Each structure stands twice: as C-alpha cells, then as structure tokens.
1. Once every DSSP H run of n ≥ 4 in chain A is given -39500 (n - 2.57) and the sum is divided by its residues, what mean residue ellipticity at 222 nm do you get, rounded to the nearest 500 deg cm²/dmol?
2. To the nearest 0.05, how large is the calculated FRET efficiency for C:Ser211 and A:Arg126 if R₀ is 60 Å and r is the Cβ-Cβ distance?
3. Peptide B:152-160: average number of partner chain Cβ atoms within 10 Å per residue?
4. Beta carbons within 10 angstrom, averaged per residue: use that to sort the peptides B:270-278, B:334-342, highest first.
5. How large is the dipole of chain A about the Cα centre if only Lys and Arg carry +1 and Asp and Glu carry -1, each at its Cβ, rounded to the nearest 20 debye?
6. How much mean residue ellipticity at 222 nm does chain B get from its helices, if each DSSP H run of length 4 or more adds -39500 (n - 2.57) and you divide by all residues, to the nearest 500 deg cm²/dmol?
7. So in the protein assembly as shown, what percent of DSSP beta bridges are antiparallel if you round to the nearest 5?
8. Pop the C-beta distance of C:Asn7 and C:Gln117 into the FRET formula with R0 = 25 Å and round what comes out to the nearest 0.05.
Amino acid sequence: MTDSRKTAEAAGATPLLQLDGILKQFPGCLANDHVDLTLMPGEIHALLGENGAGKSTLVKIIYGVQEPDAGQIRWQGATVQIANPAQARRLGIGMVFQHFSLFESLTVAENIALGISDARQRKGLRSRIAEISRSYGLLLDPDRAVHELSVGERQRVEIVRCLLQEPRLLIMDEPTSVLTPQEVDKLFDTLRRLAAEGCAILYISHKLEEIRALCHEATIMRQGKVVATCDPRHETAEHLAELMIGSRVSAPDRPASSQEEKPVMLEVSHLSLKSDRQFGIDLKDISFTVRGGEILGIGGVAGNGQSELMAALSGETLVNTADAIRINDVAAGRLGPAQRRLLGACFVPEERNGHGAVSAFSLTDNAFLSAFRRRSLTRLGLIEGEKTRRFADDIIRLFDVRGRGVRAEARSLSGGNLQKFIVGREILQRPDLLVVAQPTWGVDAGAAAAIHQALIDLAAQGAGIVIISQDLDEILLLCQRIAVINLGSLSAPRPVGEVTVEQIGLLMGGVHGAPPQEQIKGEQPRVART
Amino acid sequence: MWLGLEPRGQRSAFWTYGSPVLALLLTVVTAAIIFAALGQDPAEALWTFLIEPLTSASGLPELFVKAAPLILIGVGLSIGFRANVWNIGAEGQFTLGAIFGGWLALRVGEGSGWWIFPAMLLLSILGGMIWAAIPAFLKTRFNANEILTSLMLTYVAQLLLLYLVTGPWKDPEGYGFPQTAMFGDGATAPILIPETRLHLGVLIALAAALLGWLILSKSLLGFQLRVLGSAPRAARFAGFSEAGLIWLSLLLGGGLAGLAGLFEVAGPIGQLTPSISPGYGFTAIIVAFLGRLHPLGVVLAGLVLALSYLGGEAAQIDLGLPNAVTGIFQGILLFYLLGCDVLILYRLRLGRKQPPAKHLREASR
Amino acid sequence: MSPEMINILLSIMTASTPLLLAATGELVAEKSGVLNLGLEGMMLVGAVIGFATAVHTGSASLGVLAAVLAGIAMSLVFAFLSLTLMANQVATGLALTIFGTGLSALMGAGYVGTALQPLPKLTIPALSDLPVLGPLLFHQDALIYGSFILLIAVAWFLYRSHAGLVLRAVGDSHDAAHAIGYPVIAIRYAATAFGGGMAGLAGAYMSLAYSPSWSENMTAGRGWIALALVVFATWRPGWLLLGAYLFGGIMYMSLYIQGLGVNLPSQFISSLPYLATIVVLVMISRDRLRIRLNAPACLGRPFFAAG
C-alpha cells in the first residue's frame, strides 16, 4: 500500500468505491468469486490478470452492464445498486471499453451524444467537446464519421465522451493494446493529469511494465478470485507475472538459425491492392521475402491493412498480378486459397469463430475444413469420416486441446483451446509456409506459450513463418526480423536486434496527434475509395 | 416470476429433434382451440382433419401423392437454406417446370413413344432451373437479394401460366374454360399401384431425398454448402467458391421444384390450368424447416404437411370450414417450430433471476 | 394540364400510397436492425380487419384504427419470435406472411363482393380550387396526407431527434448500444411494432380507399415491393418517396395501358411492376459499397445480452 494512501485512510477519508464479496456466475464458469476491491479518490488502480481471469466481468458490474449474483457495492460509503450504465454515469462512473462501444456509421458528435443520458447535458455539446479536447489535448473533429478514424482517435472519442460527464471514476479496459508506444505515453499523461485532479482510475491490463509505470495500487485476479494486492511500483515484473499466472511461464527455446542457405518460401513484390471493404485500407507497394526456417513479424496498430494483407496472402482476395505473390517459387497472386494450400502454404486467420473455424461445427468437421486437400480426406467426392476423425484426434492430442473430444462444437471450446486446435490443424499439414495473424490474441498464458513453442518448432523444421501481430512483445520474442505496416505500407524488414522499440513506434505511425484538419487533407483518408 | 434464457454453449441433440415434435403438439392444441372458436366440436374436428383422411382405402396413397411435390421441393430448399441461399420462389420454378413439360405434352397430343415422358421430365427440370438461374445470376453478378427476385419471378410465372392457358395453349374444346387439353396417355406420369393415383413422382421424391441426404451429409459438396451457410468467411478461408455454391443451390432447388410441377400436371391434374398448385412452393418452406433442413426429415415433414392439405379438404367437405384454415395451421406450425427451436441452443430458466451458486469453473478451462 | 392528366396523377398517388406507408414503417424497423419479411401478411390482415370493421361500424376511421392495431399485433408475434426467442428473422417473416395470407382469407371469406364507399376526400378550402395543384395536393383522402406527414415525421425522428439517433445506433451496433446501456430489445420491439402499424395502415388503404373492397390476396405482392423499395432507397426517407411514386406510377401505367386496348396480352403488362422491381433492385444492389455503407450493420442479426 502506498504512503499517500495510508495517510488518506488514516485520515479517515472515505473510499470512492468499495466492492465487497462480488460474485458472478456464468454457465460453466464462476467469473467473479467473492471479489473485494477498494479504490480511493485520485488513485490509479490497476486490475491485473490474464484473459479470462474475470476482470472484464468485474468492471461490467461496476458500470452496471451486468448484475452481480451476490455482494455489495459501496460508492462514497453508501451502499448502491447499479442497475444500468446510465445510473453508473449519474454516480460519476465513466468507462472506456476494450472493444470500443462506438457506432461506425455515426459521427463523433453523435457517438458522444449517445453516451450522455441527461438530455440537458446534450445542449451545447459541440462547444463542450471542443473545450474538453483542447484542454486535455485530445483533438477531435466532431463531424467526422467514426469509421474514418484511426484506432487511437476512436479511443479519444470514448475518453472525451467520459470526460464530458466529469467522472469521479474512469474505468479503462485494456486501453493500450491498440496504441503505438508514443500514443501510450500521451495517454498516460492524460490519465496522470486526471488523477491529479482527483479522478480515480481503474486501469485494466495484463501488461506489467505499463502498470508498474502508471499505477499506484494493483489488484491481481486469477480464475475469478483476487489473489493479491500490492503497490506495483515496488514489485518486479517477474513477480507480478507469477502472481497473475500462478506459475512460471518460461520463454520458448529459440534455436540459433542460419537462414541464409534456405530457399525462399514466400516472395511478395510490389503488392498493391485496392480494398473492396467498406472501411478498408489499400495495400501500397508491399515487398518482402521469407526464407525457410525464418519467422518474420509484421507489427502495426490494428486497422492499418493487416486484414487486407492477410486476405491477399491467403488468397481470399486475389491480386491483379500473379507475380506479386510467389509461394515456393510459383506465381500465386491469381490463385485461390485452395491452390495456395496445395503449393505448401497454410494460414491461421485472426478471427477464430466464423473464419478459422465454424463455431457450430464439430472439431472433426473443423479439422476437415482447411486440411482435406493436403491430408487427402476425401474419396470420390465423399468425406472419409474415419480418417478425418483420426486427424482431428491427432490435433487434439498433440496440441493439448482441452474440450469434449472430436465431437465437441468449436464454440464450446475456450479461446485458447480453439486457437491451439486451429494452429495445430495448420501445422500438422506440414506447410512450407505458415502465415499467422494474431496467434495469441485473447489466449491464456499457457496456451500462448504452447502456440509460441509450436511456431518455433515448425520454423526449426524448415518452414517459413509470417506472424502478423499487434503484440509487439510477441514479435520481439519470436521473430528474427520485423517489419511494420502503417496505412497499407510496409516498412523494410529489419533484424529484431537492430531496432529499438521507439523506432518501431515511429514506424507504426508515431503519435496520431496532428490536428484533425490536417489529417483530413494529409496522411489518412481511411475510407475505401470507389 | 421471471423467464430467462441461458446459452447451452452447444447444440442440444435432444431438442434438435424434440422441437418439431413439440411444435406439432402445440399446433394440434391450438387447432383444437381454433375449431372450438369456430363453433366446432374440437375432438370431432381434429378427427376429421387428422385421422379421417387416412381411413379410406385411397387415404395413404393420396397422402403420398400430396407429399411428393412437397418433398421434392423441400429437399431442394433445405439444401439451399443450409447454404443460406433463400430461394423462396419455388412456387414460380414449380410453375415453369409444369409449363416446360406441359409444352411437350401438348405438342405430342395423343402420340406415343417411350421417350415422351422422360423428355418431359428433363424439360421440366430445365424449366425450373432457368427460372432459378435468374436469381442466381442476379445474386452472384449484381448482389441482388434472391429472396425478393425469386419471389417477384413467382408472380411473373403465374401470369405467364395464366396467359398460356387463356391464350395460345387454351383448349379449343374446353367450353371457354382457361385450361389446356388433357395430356395424352404417353405424356402422363406412370401409376405405381393400379386403382390409385400413386405415381412415379412419389418414388422419385423419395429417391431425391435419399440422394439429398447423401450429398448434404456425406459429400464434400454438402460440406461446402453447410460451411457457406454457417460461416461465409470460413468458406472463403477454406477456398470454397461462394458464387458456385449459390448457383448450385438455386439450380438444384429450381430443378427439383420444376420436376414437382411436372408431376402435378402430368399426374393428378392431367392438364395445365391457372391453379396448378395450392401453394406447394411456400408450404415446402415449412416442410424444409420442420424437417430440420435434413432431406430425410423432409420426407416426414412432407407427409405431415400433406396431411394438412387432405385434412383441410376433409374439413371443408364435412364441416364446411373454409380452405384457408389449412394455411393458418401451416403458419402457426412454423411459428411454433421457430419458437421451440430456441431450446436447441438455450435452456429456459424459470424463477428468480439468480443462477445456482454451483461452481462449474473447471468446465470452462 | 388537361383534366385527364390530373386524373392520371391522382390515380398514381392512390397507387403509391400503400407502398409508401408500408415502406416507411419497414424503414424504421430496418434502421433498428430488424428485417421483417412479413409485410405482405401484415398488410393483408390489416386490409381485412380494416374492411370488416368499417363494414360493421360504418366508420372508416375505426376501420383504419383497427387495421393499425391488427398490424401491430401481427408484428408483435414476429418480434416475440425473432427478438425474444432469437428465431431466424427471414424464416419468421416468411411464417408471418404465410399465416397472414391464411388468416386474412379465412376472416375475409364473408366479405368478398361487399362494396364500401371509398375514404372521404378532405378538401382544404380555397387551396383546393387552385388549378392543377388544387386537386392534386389539397383534395385528397386523409391517408394520402397522412403518408406524407408520417414520412416527414419519420425523417425528422431518425435524423433530428435523440430517440431516432438511439434507434439508428441500435441498428448500427447492438453490442455497443447494449454496452452503454440502451435497451436493445425494447427499442427493436418498438420499431417493429411501428413497422407493423404502418403495414396495417397500408393494408387499410388498399381495402378502404384503393379498391375499396376485399378480395383474397388483394395486396398482390405490394408488401414485397415495399421491402424492395427500402433497399432501392438505400434506407433514406427521401428516396423512399421517390421509389414509392415510381412504383405507384408503374402500377398505374400497367392498368392504364390495358385500358387503352393495346394489343398486348394483359398478363404481360400486369407483370411489369414485378419485373421493374427486379430491375431496380439489380441497379441499386450492384453498387455493393453503397449498400454496405447505408444498410444498418446489424440488419437481421439476432441479439442476445449475456448476463
């Protein structure tokens, strides 16, 4: 506990928020198991835990999105029941969501108005937006549609929406996972200033360094329970990680690689592609090569062309020139996903449910989905049921997929287990090239470590791997070289040891801090052009 | 009291098949109430509607005769619906099949030849496919919604039929009635059991169901259709051709509907008239859902809905109830079915809004 | 302008009004993310109930009111199944049309052949004496005025009021709307009920003003055409007006041409509105980007609030 906090409590200051024995049960899991938490005014309090530890459920309860099954909430000493977000906002609680609660087709001003329950407060909104954005350095153009904004700008909309209501508590759910390092610094400045003005901040994250840099107090959750509280400034990252995960997770073994002699598995040259999606990004003159045994990381802030690049590489979108993409030295730009698989390429898309797997299908069917050609699971146009089941069983066994066996539907698996299944399915097809998007997004630490190890082993067997990830730590951990995608352009790949995090941050687009007018004219017309 | 839904996390096998049974029971109960409201004795009315049609010697064969078009169309539709292709213009494709096949029947008149009927079958399939190809083309080429285009084409098909039977194809000896001449013997569907109206179409419908099941459950093609319907992005990821599958679903559905149309006009009706279908194309939508979009289920569902037609006729004759009652029951059945289907993925929870405090934490890991 | 031209324009207005009413209601429902394909069924039930009520009470106004209530009742069945029980909206809409077709035929069996005075014209003094514009704009039945007022009211509601903003937000992202505390399901119920009421009103217009009589299946696909109109308008009220009058015009022209004794089978001319619907749908839909930019992102998607 911090000194300032001790003095505050000793002086009999009332905690802003006190949670007492909060219990929340979902079918099949106990999300919050008698959680206690105390928050003082002006405190930046970290809520730390892995995916699935129950952090999001807890803050949804505080914000009135979900109702606790048992337990007490005290706000400034008085017991309250927070029935809905509007009531939470009336109390002075604001929240910035992890998956933003913004409406793509509406303007910034409309989005902000939707977050304000009191009709009187909506009067003169535009001038107040301008005022808040000026005083906190959160620049916004109220008339732009949200789908035209970068991820960082979107977060600004959410923050301004909260600040307009002069909150006493601001909840931030994983706010930095979508920001460049420079944007993170700027966000922290804003948060520190808010705290200095007396606003408490509940900061949810699993990023330890951030928490050590920002927070005064930390509550650590694991499997729905509070396992520790501490002052993160006085703890090592290693100790926090142990508390969070419950055991040590070792870094994957990285074999020394000698990729010079290996053949080129993937060669992308001058790949340009107009996006055909509503809010898509055009790819601009992208070139890189991947050799066998090598792992290339492609970093960048979400929404800068990653999904378009993935679609172009996997063949879900065809490119105009066949030579722009060569797989195993065959021009593949005009080939669909099926033919590219036959050339030796396999893919793991970012979205598990509905893209990499069919949620309503059994694991057997999902094993068949992308593997039937390379594993020849059909005969005379009919599915070879037994052979497919055996393959699915192999995946489950070798990749430790925990669920109810081959007949379980994909949607019944946890995120980590389904991801292990999908990665396993692709790896067991023995690809020469594997392109993986966000391999460990929303996956618990144990599964993440297993997936990382599997990727490294695959590379060691001679396959070339491309990892498209927003998690910089992951790229730095696994990859030999890194390139950064920003607004559809890819920087030249450089060896990981030769770049600093700051340099990578600058490549990611630096601080999206230019005044809105300039952005409209200049760097980022993000709407797909017709 | 509070009624809530809680996701099961997994399909319930029991309710996948229990739901249609429950829906049927609820429909029967509702029907009894409606009969009572219409001033009938519910027990007698239900007897007339559900049992009596089957008691006569011709009852069972008639049931299959009515079920044949429903099964043929229903099999095609269930394959399409699985792929999320909403062909609701089967009625129009049915009509075109009847027109195409009927054209040959009228051309040959009383002429005979072994090839005539098989040729009519092929023509009717072609007719249905052509009518279904229009929405397929408009959907894959121009992104036009197939629900609206296929339905609009149904109105056009009915007007086309009306034009033919009142105009160029009208029977000059038909006393001015809007109808064609009766088809000759060589152009009539072969009868399977003498003294009944049980025709070859029934057998073909059952074969179609069997083939449909094989395609949908066992083949790569069926797998592709199911993936497209459940997760279009996953279909793209796996490299399946969306346009090809849309074409295939519509052509298959259209061909089968066309075939059904032919067997109606070359079977029980024997000629072309303006009203060759009591709404088979729309009823088959219910058949497809009641049969769980499963071709073998469609056979059972086709028999159930066929009974509703026979029952409606019996109720009209014996009880003086309007024929529209059939349509109401069919609609109610589909309502109940769609409502009961919630139980497949969710369980109902009655009582206070307080889940049991049982710890099931391990299950999520 | 000749009196004949004015008569033609008047008839076009009459033919367009049911399309405009039904499509305006559907627009609101779709803006909230609900795709109700049961328009045809709701219109038919509205038509028969409106007609029967007017026959028995002798009051056209009561008939209109009853039709609106009938449309709302039908739409609530749809809402319960598709919103509360999360049934597939396409299938539920089809069920509503199948059911409504049967129900209206059963209820209307006794009214076939009964005739009724058309809705009275409301004349606005002085203005109705204006040449050309007078009869067109100021001597019409109440529902024609109503269709314009309702369209303007809906446009104002959607784009000028906070409640309309909330409704559009729910159609854009139900998850986000739920996260910041809007009652998604309740809002969709309301929008669906409004769509049902408007469909009932459109049905009443068919049986009380357009025909005025009852016959089985008298809407003849207008519910489906109204659905296509919403796509044609790319979910914008102004374009809805244009589309409804375009189709009203086509419907009227197909009758008019037949009246002229043109040497073409009448069935070919009768199929014009249906073919025109397809053509228009193709023209609009081919611009995928425009459809995607304007269509409510959650259209037809079920919503389940976890927890």
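Throughout, read-outs are computed from the coordinates displayed, never taken from laboratory work. Keep in mind the model is a prediction, meaning the values are calculated, not measured. When we count neighbours, we look across all protein chains shown, and the Cβ atoms used for this are built from the backbone with ideal geometry, even at glycine.
1. -9500 deg cm²/dmol
2. Working: r = 51 Å, r/R0 = 0.85.
Step by step, r from the Cβ atoms, then E = 0.70.
3. 6
4. B:334-342, B:270-278
5. 1180
6. -21000 deg cm²/dmol
7. Details: 51 of 88 bridges.
If we restrict to bridges inside the protein assembly as shown, about 60 percent are antiparallel.
8. Using R0 = 25 Å, I get an efficiency of 0.85.
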